[in-house]
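Read through the structure below, which is laid out as structure tokens, and then see the notes.
The values are calculated or read from the model by the stated rules, or taken from the named source; none is laboratory data. Note that the structure is a prediction, hence the values are computed from the model and not measured. All Cβ positions, glycine included, derive from the backbone under ideal geometry; neighbour counts span all protein chains shown. Heavy atoms of the whole protein, side chains included, go into the accessibility calculation; ligands, DNA and RNA do not. Shrake-Rupley method; radii C 1.70, N 1.55, O 1.52, S 1.80 Å.
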Amino acid sequence: RWASSGDTTDLTKEEVTTICSTMFNASVDTTSAKTAWHFLHVALNEEAQERLYDEIYQNVQKTDGVITPALFAASNTPYLGAVLRESNRLTCPANLSPIRKIERDLEIHGHVVPAGSKVAFDQVSKSLDAEFVDDPFTFRPERFLPDAVEKRSVTIVLFCVCHVFLLL
């Protein structure tokens, strides 16, 4: 068994290495898949592409071409943030649903879910449902600009790995 600083674990060093390697590879795959989706959504929408270019270009001009983390702060790039959120709403690199065990009977829309049941949350369908999102299959980053978010009666909240829940 592998021990460090007096603590022991039931995992071997090889098992820990395998777990770390798997997690690293998963994060690389997820990040590259999500980045590809971001690029695809922008590439297919010339208006969004131009607006995003203009926002970034104007910010770079303010710093004489020096790219800093502050350049991409949400307050400086609201359209970039909107593009990323809209892309996340439409596509997820990993459609993972958290599973929870119900501790007590729960009634949902007239159906009783008995205590001890395991439930998985639907994290994608509401973001593509016309009842909750106008024109849900159209890439429209403007729906996530601060003014639009403030005006809407439905709150869109991003959870977990790029998932979207819509809460009334």
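Multiplying the residue separation of residue 40 and residue 27 by 0.36 nm and subtracting their alpha-carbon distance yields 2.7 nm. Computed over protein heavy atoms with a 1.4 Å probe, the accessible surface of the range 44-146 works out to 66 Å² per residue. Remark on residue 113: its backbone amide H falls under 5 Å from those of 106, 107, 108, a criterion applied only to residues 5 or more positions apart or on other chains, H modelled at 1.01 Å from N. Extension gain for residue 47 to residue 71 (0.36 nm times residue separation, less C-alpha to C-alpha distance): 6.5 nm. Using the structure shown, select from 118/151; 34/151; 13/34 the pairs with a Cα to Cα distance greater than 30 angstrom. Violating the 30 Å Cα-Cα cut-off are 118/151; 13/34. Averaging Cα coordinates gives a centre for the range 95-141 and one for the range 22-55; these two points are 26 Å apart. Taking θ as phi - 60° and the Karplus parameters 6.51, -1.76 and 1.60, the scalar couplings of the range 23-32 work out to 5, 5, 4, 5, 5, 5, 4, 5, 5, 5 Hz in sequence order, x denoting glycine and proline. Among residues other than residue 112 with Cβ under 13 Å from its Cβ, the summed charge is -1 (Lys and Arg +1, Asp and Glu -1). Shape analysis of the range 44-89 places it in the oblate category; the axes a ≥ b ≥ c from the Cα gyration tensor give an a/c of at least 1.5, with a/b not above b/c.
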